[in-house]
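Structure record follows, encoded as structure tokens.
The values are calculated or read from the model by the stated rules, or taken from the named source; none is laboratory data. The structure displayed is predicted, hence computed values, not measured ones. Here the Cβ is made from the backbone with ideal geometry for all residues, glycine too, and neighbour counts use every protein chain on show.
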Amino acid sequence: MFAISAETAILVSILIALACLISLIIWVAVVAITEGESAVGWLIASLLVGPSVAFILWACHRLGRNARRGREKRAEMERRREDHFLKAQIVAELYRLTNERKLTQRSADVVIGISQREVSRLFEGHFREYSIERLIGFLTAFDQDVEIVVRPRSTPRPKTRGSVTFRPAKPTGTGAENVLLP
């Protein structure tokens with residue numbers, strides 16, 4: 001029987017652990033250099049630490065990257081939702097102003113500066129193609145002042161974004177004094 005001392009067994013275990021650690025460090029360096037996308041980087045890594053370990057690490061890398069992409073996608077969708085809601089509020093105000101001044105879509109198109117067909121589409125809710133800036137321009141065409149106020153949040157919350165609030169002005173009487181004629 002082959003017998004080794006306890007000190008030798010501990011030394012061998014430490015050397016194996018050190019070799020694995022060095023291989024892992026080299027593997028991480030190769031993957032970092034290739035940004036985790038290079039097949040050559042993964043091949044070199046699998047040769048260093050073994051194919052099964054490399055596959056597990058590759059899977060963890062992909063899961064982490066997909067999770068980051070998922071968070072980024074959700075954040076982008078939230079920004080788009082907020083933008084779309086703000087656009088809807090501006091279009092609702094444009095619609096209110098048009099009705100308050102008793103304008104037809106034909107006369108509103110002259111005021112706004114777009115075709116009657118585009119006014120109709122806008123009031124039907126098809127306003128994705130319009131930027132917030134352009135919709136604000138439509139409000140100013142109705143002789144409205146648009147005020148953007150930036151202020152600190154009333155209750156600070158870490159790691160969250162501030163909010164955008166739309167507050168239309170109070171309607172002014174009958175609207176007869178505000179009628180714009182082409």
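Data for the structure
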{"item": "Complete set of residues in region 114-139 that are surrounded by fewer than 12 Cβ atoms within 10 Å (Cβ to Cβ) and either touching a residue at least 12 places away in the same chain (Cβ under 8 Å) or not in a loop (DSSP other than H, G, I, E, B) (or both)", "result": "ARG117, GLY125, ARG128, GLU133"}
{"item": "Test: residue in region 86-99 that is of a type in the set (D, E, K, R), at pLDDT 65 or above and not assigned by TED's automatic domain parsing to the domain that holds ARG134", "result": "no"}
{"item": "Failed item, numbered, when VAL150 is tested on (1) more than 18 Å from PRO168 (Cβ to Cβ); (2) without any contact (Cβ under 8 Å) to a residue 60 or more places away in the chain; (3) not in a loop (DSSP other than H, G, I, E, B)", "result": "(3)"}
{"item": "Residue within region 84-91 that is touching a residue at least 24 places away in the same chain (Cβ under 8 Å) and not in a helix (DSSP H, G or I) present", "result": "no"}
{"item": "Residue within region 155-166 that is assigned to a loop (DSSP other than H, G, I, E, B), outside the structural domain of TYR95 (by TED's automatic domain parsing), modelled with pLDDT of 80 or more and among the aromatic types (Phe, Trp, Tyr) present", "result": "yes"}
